[in-house]
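As structure tokens, the structure follows; a few thoughts come after it.
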Amino acid sequence: MAEATLSSSPSTAKIAARQKVQDVNAPLWRNALFVAPYLFFFVTLLIVPLLWGIWLSLHKADAFGAGRFVGFDNYVRLFKDKIFIQAVGNTFYFVLLTVPTLAIIGLLLALALNRKTKMAAALRAVYFSSSVLSVTIVTLIWRIVFIGNFGLLATIYGWFGVPAPAFLSDPSLAMIGIAIATVWWCIGLPMMLFLSALQQVPAEIYEAAALDNASRWRTLWYITLPSIRRTFVLVLIIQVVLQFQLFGQAKLMTLGGPNNVSKPIVLYIYEAAFTKWDLGLGAAASEVLFILILIAAMAQYFISRRKGEEG
């Protein structure tokens, strides 16, 4: 009996060891608890509203309920609306004005302030400080600058006896005025992202370039820019997503005027859903905006990735 017990103990130990090894290599589903809070908020705040918006866009909805199912009628009405088509064009125009400007100026500021001096640190704080302001404060500041006859810009032009540009009332300048205010407001984030990327470039590469007597331009073109290419793509994608969502500046500076030349898609959605209470039309416009942002961001990503692979 004792011999049987002794003979069985090694096999039992082997089985236990085998199970232990299997347990170590097996996936531990309890680790999902660590990502469960993120997944909960991701689904609750992003996926559910997206599906709810799609569902609303297919119904004749108002503030009192979803109403009847109308299929794609809201989308048909949307693309027959000249104001919506104009709002889409205004939004693309605004993105073209702001995104390249933010990327280029942010890069230039980062290159200029990538120094280990107190002055550079102070200037970084100054340039980034505008990013923490609310859109209400930003638009108030720039209305004081742009307002006709009494604004800061009108006063400066008045010293030279020249009329100031009417950025808030001239149809050809309204969107440019909003873009100027937006660039001033948002320049901090691109600058800090580029600074972070520049500080990750190894100093040995610049030392080797200096030993080869490489000029500053060649160093910038062949060392610095390729080293921060991924950050440049990231800045472009972030700014495309953010600038497509223009709302507060247009709402508070020009109310979308004059003659709807500065009305973006988000302001159109706001007016359709919360002024006219046509929630179905507003939801349809929001889905179109989502698709436009997705296409623009993914196109920028894949084009930049292909250029990087070819390079």
Revision key, fill the gap. Given chymotrypsin sites (Phe, Trp or Tyr not before Pro), DSSP loops and at most 12 other Cβ atoms within 10 Å, the longest exposed-site-free stretch of the chain is 161-311
Practice item. Could you state the angle between the C-alpha long axis of helix 279-310 and the longest principal axis of the C-alpha atoms of the chain, as a value from 0 to 90 degrees rounded to the nearest 10? Key: 70 degrees
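What FRET efficiency comes out for the pair Met298/Thr117, r = Cβ-Cβ distance, R0 = 51 Å, nearest 0.05?
Details: r = 40 Å, r/R0 = 0.79.
Computed FRET efficiency for Met298 and Thr117: 0.80.
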**Study point:** Three-way shape call for region 230-311 based on the alpha-carbon gyration tensor, with the a/c threshold at 1.5
**Key:** prolate
Review point. Protein chains only, probe 1.4 Å: how do Ile228, Ile238, Ile85 rank by accessible area, largest first?
Key: Ile85, Ile238, Ile228
Check your understanding: How do Asp81, Asp212, Asp73 stack up against each other in accessible area, from largest to smallest, with a 1.4 angstrom probe?
Key -> Asp212, Asp73, Asp81
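List the relative contact order of the chain as a percent without decimals, with contacts defined as Cα pairs under 8 Å and 6+ residues apart.
Working: 322 pairs, mean separation 81.2, N = 311.
Result for the chain is 26 percent.
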Review point. Over the heavy atoms of Thr155, what accessible area does a 1.4 Å probe trace out, to the nearest 10 Å²?
Key: 60 Å²
Revision key, fill the gap. In a Gaussian network model of the chain with springs linking alpha carbons closer than 10 Å, the residue among Arg30, Arg216, Arg229 that fluctuates most is Arg30
Practice item. Any chance you could look up the accessible area of Met175 with a 1.4 Å probe, heavy atoms only, rounded to 10 Å²? Key: 10 Å²
Exercise for review: Please determine, in degrees from 0 to 90 and to the nearest 10, the orientation of helix 118-129 with respect to the longest principal axis defined by the Cα atoms of the chain, where the helix direction is its Cα long axis.
Suggested key: 80 degrees
Check your understanding: Anyone know which of Gln243, Gln300, Gln200 comes out most mobile in the 10 Å Cα GNM of the chain?
Key -> Gln200
Point to revise | Accessible carbon and sulfur surface of the chain relative to its total accessible area, %, 1.4 Å | key: 69 percent
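The values are calculated or read from the model by the stated rules, or taken from the named source; none is laboratory data. Everything quoted here is computed from the prediction, not taken from an experiment. As a convention, Cβ positions derive from the backbone with ideal geometry for all residues, glycine included, and neighbour counts pool all protein chains shown. Surface accessibility is based on the protein's heavy atoms, side chains included, excluding ligands, DNA and RNA. Shrake-Rupley method; radii C 1.70, N 1.55, O 1.52, S 1.80 Å.
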